[in-house]
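Heads up: the structure comes next, in structure tokens.
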Amino acid sequence: MEALWSYLLYFYGLLVDALSLCEAPVKLNATELNRDQYLGRWFFIGAASSSTSSLETFTTTDNTVFSMTQSSNPERLKLQAAIQLKTGQCIPRSWIYLLKERSADLATEGRPHMRTELFSAKCHDSIVVQETDQDYQRILLYSRVLHPAENCVADFKDTAFCLDMNEFLLIPRTQNTCEFQET
């Protein structure tokens, strides 16, 4: 009798999964990216996670603009950020992403435990990035436009919900963006 209940619960779980309205986001292979499509200027729009602590780092941010460029080494991408805090202060940052052979993910130079995965978004001018480190897992929405259409943000929230990420933070983007500085 106990085995019968186990099977029934198992099949019930399969049925619930089959009827779920969630679509898994389409993962992009970092080593096969169309660099012309993904290099360039991006605006940080929002973040989602299963915990508020994973989003704390963004609570003081008004806006951030990023520039992704190819370095002289084809296996390295440079990401520069111009972070505008709510106080008006501009903070420059930069990272180096490493494209590793036989890996669909990006590694971050100097952060061996961090894993960065790229996903397509339903809006053609957006991308979703999932960051996983020892202390957190979160997804981030980036767009080519500072104020994307509401349906783009709604699609991102739906994706977050499907990934069991119910904490959401939309970056205000009320101030002018900062200029890029060498870091």
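The values are calculated or read from the model by the stated rules, or taken from the named source; none is laboratory data. Just so it is clear, the structure is predicted and the values come from calculations on it, not from any experiment. Here the Cβ positions follow ideal geometry from the backbone for every residue, glycine too, while neighbour counts run over all protein chains shown.
For the stretch 162-183, which positions are hydrophobic (A, V, I, L, M, F, W, C) and touching an Asp or Glu at 6+ places or on another chain (Cβ under 8 Å)? Once the filter is applied, which keeps residues that are hydrophobic (A, V, I, L, M, F, W, C) and touching an Asp or Glu at 6+ places or on another chain (Cβ under 8 Å), the stretch 162-183 yields 162, 171. For the stretch 80-96, does any single residue satisfy the condition of being touching a residue at least 40 places away in the same chain (Cβ under 8 Å), part of a loop (DSSP other than H, G, I, E, B) and farther than 23 Å from residue 156 by Cβ? Within the stretch 80-96, one or more residues are touching a residue at least 40 places away in the same chain (Cβ under 8 Å), part of a loop (DSSP other than H, G, I, E, B) and farther than 23 Å from residue 156 by Cβ. Looking at the structure I just gave you, is residue 154 exposed (fewer than 14 other Cβ atoms within 10 Å of the Cβ), within 28 Å of residue 104 (Cβ to Cβ) and more than 13 Å from the chain's Cα centre (by Cα)? Here the answer is yes, as residue 154 does meet what is asked. If the condition is being at pLDDT below 90 and among the small types (Gly, Ala, Ser), then the stretch 108-127 contributes 120, 121.
What residue, among those in the stretch 1-54 that are at pLDDT 80 or above and aromatic (Phe, Trp, Tyr), is nearest to residue 130 (Cα to Cα)?
First, the residues of the stretch 1-54 that are at pLDDT 80 or above: 22, 26-29, 38-54.
Okay, now just the ones that are also aromatic (Phe, Trp, Tyr), so 38, 42-44.
Numbers: 38: 15, 42: 16, 43: 16, 44: 13 Å.
Looking at the filtered set, the residue picked out is 44.
Taking every residue in the stretch 53-74 that is under 30 Å from residue 32 (Cβ atoms) and pairing it with any residue that is among the basic types (Lys, Arg), at least 6 positions away or on another chain, the pairs with Cβ-Cβ distances below 6 Å are 54/138; 67/41; 69/78; 71/78. Here the stretch 57-82 is the region considered, the condition is being of a type in the set (D, E, K, R) and more than 12 Å from residue 171 (Cα to Cα), and the residue that is surrounded by the fewest Cβ atoms within 10 Å (Cβ to Cβ) is 75.
Name the single residue, out of those in the stretch 68-87 being at pLDDT 95 or above and not hydrophobic (A, V, I, L, M, F, W, C), that is farthest from the chain's Cα centre (by Cα). Quick ask: steps written out before the conclusion?
Residues of the stretch 68-87 that are at pLDDT 95 or above, as a first pass: 80-87.
Within this subset, residues satisfying the condition of being not hydrophobic (A, V, I, L, M, F, W, C) are 80, 84, 86-87.
On the way: 80: 16, 84: 19, 86: 21, 87: 24 Å.
The selected residue is 87.
Residues that are of a type in the set (Val, Ile, Thr) and under 22 Å from residue 80 (Cα atoms) do occur in the stretch 110-123, at least one of them. The residue list 98, 170, 141, 146 contains one member that is surrounded by fewer than 19 Cβ atoms within 10 Å (Cβ to Cβ) and either modelled with pLDDT of 95 or more or of a type in the set (Ser, Thr, Tyr) (or both), which is 170.
Pairing each residue of the stretch 163-178 that is on the phi > 0 side of the Ramachandran plot with any residue that is at pLDDT 95 or above and among the charged types (D, E, K, R), provided the two are 6+ apart or on different chains, yields C-beta distances under 7 Å for 173/62. Taken over the stretch 37-56, the criterion of being surrounded by 15 or more Cβ atoms within 10 Å (Cβ to Cβ) and either within 13 Å of the chain's Cα centre (by Cα) or assigned to a helix (DSSP H, G or I) (or both) is satisfied by 38, 42, 43, 44, 45, 46, 47, 48, 49, 54, 55. Does residue 118 satisfy the criteria of being in contact (Cβ under 8 Å) with a residue 24 or more places away in the chain, in contact with a strand residue (DSSP E or B) (Cβ under 8 Å, 6 or more places away or on another chain) and under 22 Å from residue 25 (Cα atoms)? So residue 118 fits the description; yes.
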